Amino acid sequence: MVRITQVEEGSYAARAKIQSGDVLLCINGNDINDVLDYRFYLTEKKVKLTLDRDGKKHTAVIKKGEYDDIGLDFETPLMDKKHSCKNGCIFCFIDQNPEGLRDSLYFKDDDSRLSFIHGNYITLTNMTDTDIDRIIKMRFSPINISVHTTNPELRVRMMKNKRSGEVLGYLSRIADAGISMCGQIVLCRGINDGEELSRTLCDLSGYFPSMSSVAIVPAGLTKFRDNLYPLTDFTPAEAAEVIDTVDAIGGKMKELHGTRVFYAADELYLKSGRRIPDAEYYEDYSQLENGVGMLRSFMDEYELAYEDISDMRDSLSAERRISVATASAAYPMIRDVCDNIMKAINNLVINVYEIKNRFYGESITVSGLLTGKDICEQLAGCELGEELLIPENCLRDGEDVFLCGMTLPELSQKLSVKVTPAESDGYEFVRRVLAAD
């Protein structure tokens with residue numbers, strides 16, 4: 001049931017006398033079940049809305065611009081409940097969370113609507129032929145898909161869902177319809193790497209150009225894996241082999257089609273000890289959200305900022321002493337960047353601190369999984385200066401709460417210093433360091 005919770009004052013809907021509490025049933029005779037139906041059928045210039053008001057049918061006709069919003073809000077952003085995951089993946093990060101975290105951290109979503117709206121990755125196991133028909137009809141694009149392997153039997157074993165092999169057939173239907181897809185492969189040592197990885201990449205090559213980019217990311221393993229599938233981390237040599245496999249097939253795609261398609265995550269380069277590729281390698285940075293090219297992007301943005309640093313330094317009227325906390329993966333880069341900035345600006349002192357992830361385990365090295373608890377405990381008694389910069393992505397999106405439940409004000413109070421989230425953009429990071437307007 002799609003219930004209207006608010007009607008914007010002065011909007012098309014308000015002028016059509018639609019009311020809060022009305023239930024939206026149809027638009028131009030088409031049933032409305034969720035936000036995707038709503039957005040798709042609302043694009044007509046003339047729309048007839050069928051509503052239920054206190055058990056009686058009511059209609060409203062609106063004439064508008066093709067893509068104009070009509071001013072309605074609903075009980076949830078999806079206008080429906082989220083679809084939860086029905087898989088039991090052997091690498092699932094949520095299964096590795098400790099007890100006592102906020103409830104939202106234990107919810108596993110697998111919702112194609114969130115893939116379209118927010119870029120979430122889906123496994124296809126929740127979907128039916130009817131769902132695929134709707135994607136094709138409405139031209140939803142791109143669809144982000146967690147593939148992991150194209151071996152049907154192996155996919156069933158990895159995801160513990162008997163449908164996970166058969167739904168791979170949806171890839172062909174989506175590709176044949178010209179819908180863009182982005183892929184993700186969570187790589188498990190000894191499971192879907194080696195020859196299985198080569199097979200998967202070669203199979204996915206066949207869906208080009210619909211399959212436009214694929215990220216290969218090592219499974220994140222926390223210390224909370226008791227009674228879970230016994231996975232282990234890649235060795236440096238094994239991480240290098242993964243990169244070689246990805247580059248061999250990606251290189252062929254580059255020669256044939258002018259785009260690489262397949263990219264290994266930064267974490268694999270850090271594990272292997274290999275140098276992060278240059279910016280040209282990552283083309284349009286299509287897989288940043290999967291940790292592909294983030295370090296290179298940051299460095300390129302920083303270098304642009306460094307060119308403007310003489311202008312920024314004018315914002316410093318007196319000596320500035322600050323500190324920067326970062327996770328293990330980015331620590332060497334952030335330390336070198338801050339050293340270079342200090343060399344360029346005499347009245348600036350930056351203390352850079354590496355925060356080990358003791359909450360989840362030190363094998364977790366990314367900033368997005370740092371907790372306020374670890375930052376607080378490891379920086380207690382350290383020289384922090386007038387301000388502490390922390391990675392913005394270790395806070396809940398749009399809020400000031402860490403994964404452990406600690407808030408930004410609580411961390412600031414415990415450390416007796418102003419704590420400021422810093423963007424992952426290299427240019428903006430320099431501006432934060434210099435307190436530039």
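Here are some notes:
- Residue in the range 48-55 that is out of contact with any strand residue (DSSP E or B) (no Cβ under 7 Å at 6 or more places or on another chain), open to solvent by 80 Å² or more (accessible area, probe 1.4 Å) and not in a loop (DSSP other than H, G, I, E, B) present: no
- Residue 185 closer than 18 Å to residue 91 by Cα, hydrophobic (A, V, I, L, M, F, W, C) and either open to solvent by 60 Å² or more (accessible area, probe 1.4 Å) or out of contact with any Lys or Arg (no Cβ under 7 Å at 6 or more places or on another chain) (or both): yes
Here is a yes/no grid of residues against (1) over 29 Å from residue 35 (Cα atoms); (2) surrounded by 22 or more Cβ atoms within 10 Å (Cβ to Cβ); (3) not aromatic (Phe, Trp, Tyr):
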{"residue": "121", "(1), (2), (3)": "no, no, no"}
{"residue": "143", "(1), (2), (3)": "no, yes, yes"}
{"residue": "151", "(1), (2), (3)": "yes, no, yes"}
{"residue": "170", "(1), (2), (3)": "no, no, no"}
{"residue": "175", "(1), (2), (3)": "no, no, yes"}
{"residue": "178", "(1), (2), (3)": "no, no, yes"}
{"residue": "195", "(1), (2), (3)": "yes, no, yes"}
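- Scanning the range 369-426 for residues that are part of a strand (DSSP E or B), closer than 14 Å to residue 324 by Cα and of a type in the set (A, V, I, L, M) returns 388, 389, 390, 419, 422.
- Residue in the range 96-110 that is open to solvent by less than 50 Å² (accessible area, probe 1.4 Å), outside any loop (DSSP other than H, G, I, E, B), more than 30 Å from residue 234 (Cα to Cα) and polar (S, T, N, Q) present: no
- Residue 256 being free of Cβ contacts under 8 Å to residues at least 24 places away in the same chain, in a helix (DSSP H, G or I), among the hydrophobic types (A, V, I, L, M, F, W, C) and out of contact with any Pro (no Cβ under 7 Å at 6 or more places or on another chain): yes
- Residues being part of a helix (DSSP H, G or I), of a type outside the set (Gly, Ala, Ser), at pLDDT 95 or above and in contact with a helix residue (DSSP H, G or I) (Cβ under 6 Å, 6 or more places away or on another chain) are entirely absent from the range 127-136.
- Test for residue 255: is it farther than 21 Å from residue 194 by Cβ, at pLDDT 95 or above and of a type outside the set (Gly, Ala, Ser): yes
- The number of residues in the range 56-73 that are closer than 13 Å to residue 4 by Cβ and either surrounded by fewer than 16 Cβ atoms within 10 Å (Cβ to Cβ) or among the aliphatic types (A, V, I, L, M) (or both) comes to 4.
- For the range 74-87, the condition of being among the acidic types (Asp, Glu), open to solvent by less than 50 Å² (accessible area, probe 1.4 Å) and modelled with pLDDT under 85 holds for none of the residues.
- Cβ pairs under 6 Å, 6+ apart, first in the range 59-73 and within 18 Å of residue 19 (Cβ to Cβ) and without any contact (Cβ under 8 Å) to a residue 12 or more places away in the chain, second of a type in the set (Val, Ile, Thr) and open to solvent by 10 Å² or more (accessible area, probe 1.4 Å): 59/50
- Residue that is farthest from residue 113 (Cα to Cα), among those in the range 16-47 that are open to solvent by 40 Å² or more (accessible area, probe 1.4 Å), free of Cβ contacts under 8 Å to residues at least 40 places away in the same chain and not in a loop (DSSP other than H, G, I, E, B): 46
- Residue that is farthest from the chain's Cα centre (by Cα), among those in the range 50-91 that are among the acidic types (Asp, Glu) and farther than 30 Å from residue 186 by Cβ: 54
- Checking residue 233 against (1) touching a strand residue (DSSP E or B) at 6+ places or on another chain (Cβ under 9 Å); (2) open to solvent by 40 Å² or more (accessible area, probe 1.4 Å); (3) free of Cβ contacts under 8 Å to residues at least 40 places away in the same chain, the condition it does not meet: (3)
- When 355, 375, 341, 364 are checked against the criterion of being under 27 Å from residue 318 (Cα atoms) and either β-branched (Val, Ile, Thr) or touching a His at 6+ places or on another chain (Cβ under 6 Å) (or both), a single residue qualifies: 341.
- The set of residues in the range 334-358 being surrounded by fewer than 18 Cβ atoms within 10 Å (Cβ to Cβ) and within 29 Å of the chain's Cα centre (by Cα) consists of 335, 336, 354, 356, 358.
- Considered as a group, the residues in the range 404-437 that are open to solvent by 80 Å² or more (accessible area, probe 1.4 Å) and modelled with pLDDT under 95 include one that is farthest from the chain's Cα centre (by Cα), and that residue is 437.
- Subset of the range 245-258 (residues that are open to solvent by 30 Å² or more (accessible area, probe 1.4 Å) and under 25 Å from the mean Cα position of the chain (by Cα)): 245, 247
The values are calculated or read from the model by the stated rules, or taken from the named source; none is laboratory data. Quantities reported herein were computed from a predicted structural model and do not represent experimental measurements. Note that each Cβ is placed from the backbone with ideal geometry, even for glycine, and that neighbours are counted across all protein chains shown. What goes into the accessible areas is simple: the full protein's heavy atoms, side chains included, and nothing from ligands, DNA or RNA. Shrake-Rupley method; radii C 1.70, N 1.55, O 1.52, S 1.80 Å.
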